[in-house]
Amino acid sequence: MSIGNTQEGYGAFTKLFHWLIVILFALQYVGANIMTRIEWEETFVGLSQATYYNWHKSLGLVALAIAVFRLINRHLGRLPDWAPTLTEGEHRLIHRYEQVLYLAMFVMPVSGYLYVMSGGFGVQLFGVWKLTNPIGKWEELAFITKWIHIISSYVLLAAIIAHLWVVLRHQFVEKDGLIKRMLPGRRD
């Protein structure tokens, strides 16, 4: 498998960034659902709500860094040709939800960062480093960015579901092996 994309398939960097984002998005959704459902003094699996919030913020910033690398990688190379088993309608759908996914990779962490900074909550990166707050407390910005973060999480979830629908339909209904194109270590 090549490092970069080729006409025939996705390269190692594209696959790495894809699966890192998948893992981070999954962790973010799970963590967000836990942290917003337990009370301040409660714990879940031995972790406090504050710990979940700090890890959510920290992983969001990691996701932003990976999104930057993913976008650079995307523009440095080319995309492989469409899989021959995809329809024209699927091409259009995939193109649109891919735009939403890329936008969300930036909107989610940036809106989250702006919310916690302008809300005065701050970021204790992985519980170790306190990031300085370049914004200061700004209630109006906190309100707006909080809702951008929440609403965009649902838009992102819809795009993820659309993506999974196409992949799983091809895997289990069409049985054309479409998923192999993005699996690590695969050439096709």
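The values are calculated or read from the model by the stated rules, or taken from the named source; none is laboratory data. The structure presented is a predicted model; accordingly, all values stated were derived computationally and were not measured. Please note: Cβ atoms are built from the backbone with ideal geometry, for glycine as well, and neighbour counts cover all protein chains shown.
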| field | Unique residue being over 19 Å from F17 (Cβ atoms), loosely packed, with under 14 Cβ neighbours inside 10 Å and β-branched (V, I, T) when the list is I179, I161 | value | I161
| request: Please list, ordered by first then second residue, the pairs with beta carbon atoms under 7 Å, 6 or more apart or interchain, first in segment 121-146 and farther than 15 Å from G60 by Cβ, second at pLDDT 95 or above and hydroxyl-bearing (S, T, Y). | output: I135/S118; K137/S118; W138/S118; L141/S118; A142/Y115; A142/S118
| note | Restricting attention to segment 27-84, the residues that are more than 30 Å from T6 (Cβ to Cβ) and either over 13 Å from the mean Cα position of the chain (by Cα) or not aromatic (F, W, Y) (or both) number exactly 34
| field | Condition check for Y115: touching a helix residue (DSSP H, G or I) at 6+ places or on another chain (Cβ under 7 Å) and either part of a loop (DSSP other than H, G, I, E, B) or free of Cβ contacts under 8 Å to residues at least 40 places away in the same chain (or both) | value | yes
| message | Take the residues in segment 152-188 that are out of contact with any His (no Cβ under 7 Å at 6 or more places or on another chain) and not in a helix (DSSP H, G or I); name whichever of them is modelled with the lowest pLDDT. | response | D188
| task | Check whether at least one residue in segment 69-76 is under 26 Å from V166 (Cα atoms) and touching a residue at least 60 places away in the same chain (Cβ under 8 Å), and report yes or no. | result | yes
